[in-house]
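My questions all concern the structure below.
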């Protein structure tokens, strides 16, 4: 499934209310805006809902009021999936799933009490159910035989991947739980959705896919200007110096290392520059996801943070090429000039921040203005600094 329309409200009707007005998304999206305009809030709201829908999140950590309204695969209209969720103080007060046109009856509809109706395929009718107020019905009622229409929503949420590029992306977590040579790693013991688990994810990827997995990482790193001949895991030097020859290194903790083509010795995880490690971590995890689970959506906050102009531009081009295959939907945020100039305006969503809300301007609601700006011939960053898209009719003359 592809997320086409996203709406979100936080603390509705209260002094701290904040909302995302109808946000239309493409296959590739770059959300741009000034600091504190709501870029990170938007992508974290998408990620939070994906965690709830996959069963890996908890309503106990949602003490405020939240509303989500999502629409997937809106064309053709008959296949549109619409999901509505409203939460107050950790309790579900409304939940609804509709597939098809707006005139059809919801396949799932539950109220504040937790009581609702859901369609049963075998019976070809709706039956009543009761779900705890602290639980989502789409999670608790999952049944691929009786309610197959819930599976696509689960698959979308479970395969969504979220990365905060401006963080260390696992660089500070250099140790992997020991894995003896006679036992294989299990997906169940590795948090593949946690981007901080990059060492474990690499080890799992090598185990499952072998050299093609490693080669894909090296290829991506080379594409953005890092000439690597090897990527692997090893016992850190700070630990291996204390290991006797009789000990098996497989029983000790491990970290990543790289071999740069123009260097004679390897560079261990602790010594890799932060910018380089962010790119390495991202490519390890994206390539694992592509090979293992075919992710529905990759969300990256502050893409390119810490990289120079050339590598920022290259990483964006590479990610957009991956999205063009149709295997993933790509949603990124930035306020970086290099990134903005490297991403075509057709992928932009520029945030207009007003008190208590964020509205996104893109080709769906501002196509004429974008085409007018492209005709002027300025670079993309000028669209951001000039606030050209945010000007109302007559503003240009007044200015």
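The values are calculated or read from the model by the stated rules, or taken from the named source; none is laboratory data. Keep in mind that this is a model prediction, so the values were computed, not measured. Neighbour counts run over all protein chains shown; Cβ positions are idealised from the backbone, glycine included.
Condition test on residue 35, is it within 15 Å of the chain's Cα centre (by Cα) and over 24 Å from residue 116 (Cβ atoms)?
Here the answer is no, as residue 35 does not meet what is asked.
When region 298-310 is examined, which residues are found to be modelled with pLDDT of 90 or more and either under 19 Å from residue 215 (Cβ atoms) or touching a helix residue (DSSP H, G or I) at 6+ places or on another chain (Cβ under 7 Å) (or both)?
If the condition is that a residue be modelled with pLDDT of 90 or more and either under 19 Å from residue 215 (Cβ atoms) or touching a helix residue (DSSP H, G or I) at 6+ places or on another chain (Cβ under 7 Å) (or both), then 298, 299, 301, 303 are the ones that fit.
Sticking with this structure for a sec: Do we have any residue at all in region 103-126 that's within 30 Å of residue 268 (Cα to Cα) and touching a helix residue (DSSP H, G or I) at 6+ places or on another chain (Cβ under 7 Å)?
Looking for residues that are within 30 Å of residue 268 (Cα to Cα) and touching a helix residue (DSSP H, G or I) at 6+ places or on another chain (Cβ under 7 Å), one finds none in region 103-126, hence no.
Filter region 76-101 down to the residues that are in a loop (DSSP other than H, G, I, E, B) and in contact with a strand residue (DSSP E or B) (Cβ under 8 Å, 6 or more places away or on another chain) and list them by number.
Of everything in region 76-101, those that are in a loop (DSSP other than H, G, I, E, B) and in contact with a strand residue (DSSP E or B) (Cβ under 8 Å, 6 or more places away or on another chain) turn out to be 80, 89.
Also, I was wondering about something else. Look at residue 313 and say whether it is crowded, with 16+ Cβ neighbours inside 10 Å and within 22 Å of residue 37 (Cα to Cα).
So residue 313 does not fit the description; no.
Continuing with this model, one more query. Scanning for something part of a loop (DSSP other than H, G, I, E, B) and over 22 Å from residue 194 (Cα atoms), does region 337-346 turn up at least one residue?
For region 337-346, residues part of a loop (DSSP other than H, G, I, E, B) and over 22 Å from residue 194 (Cα atoms): present.
Let me ask something additional. Any residue at all in region 26-37 that is at pLDDT below 95, touching a helix residue (DSSP H, G or I) at 6+ places or on another chain (Cβ under 6 Å) and surrounded by fewer than 19 Cβ atoms within 10 Å (Cβ to Cβ)?
Within region 26-37, one or more residues are at pLDDT below 95, touching a helix residue (DSSP H, G or I) at 6+ places or on another chain (Cβ under 6 Å) and surrounded by fewer than 19 Cβ atoms within 10 Å (Cβ to Cβ).
Looking at region 348-379, which of its residues are closer than 24 Å to residue 330 by Cα, part of a loop (DSSP other than H, G, I, E, B) and in contact with a helix residue (DSSP H, G or I) (Cβ under 9 Å, 6 or more places away or on another chain)?
Selection gives 362, 363, 366, 379.
Return the total of residues in region 316-331 being surrounded by 21 or more Cβ atoms within 10 Å (Cβ to Cβ) and in a loop (DSSP other than H, G, I, E, B).
Qualifying residue count for the region: 1.
Let me ask another. Looking at 138, 192, 104, which one is assigned to a loop (DSSP other than H, G, I, E, B) and farther than 30 Å from residue 238 by Cα?
104
Could you check residue 283 against (1) closer than 27 Å to residue 191 by Cβ; (2) assigned to a loop (DSSP other than H, G, I, E, B) and say which number it fails?
The failed condition is (2).
Could I ask something else about it? Would region 252-263 turn up any residue that is in contact with a strand residue (DSSP E or B) (Cβ under 7 Å, 6 or more places away or on another chain), assigned by TED's automatic domain parsing to the domain that holds residue 21 and surrounded by fewer than 22 Cβ atoms within 10 Å (Cβ to Cβ)?
No, there is no match, as no residue in region 252-263 is in contact with a strand residue (DSSP E or B) (Cβ under 7 Å, 6 or more places away or on another chain), assigned by TED's automatic domain parsing to the domain that holds residue 21 and surrounded by fewer than 22 Cβ atoms within 10 Å (Cβ to Cβ).
Here's the yes/no breakdown for (1) within 28 Å of residue 330 (Cβ to Cβ); (2) surrounded by 14 or more Cβ atoms within 10 Å (Cβ to Cβ):
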residue: 69; (1), (2): yes, yes
residue: 74; (1), (2): yes, yes
residue: 113; (1), (2): no, no
residue: 117; (1), (2): no, yes
residue: 147; (1), (2): no, yes
residue: 164; (1), (2): yes, yes
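Follow-up question, since we're still on this one. When you go through (1) within 23 Å of the chain's Cα centre (by Cα); (2) in contact (Cβ under 8 Å) with a residue 60 or more places away in the chain one by one for residue 85, which number turns out not to apply?
Failed condition: (2).
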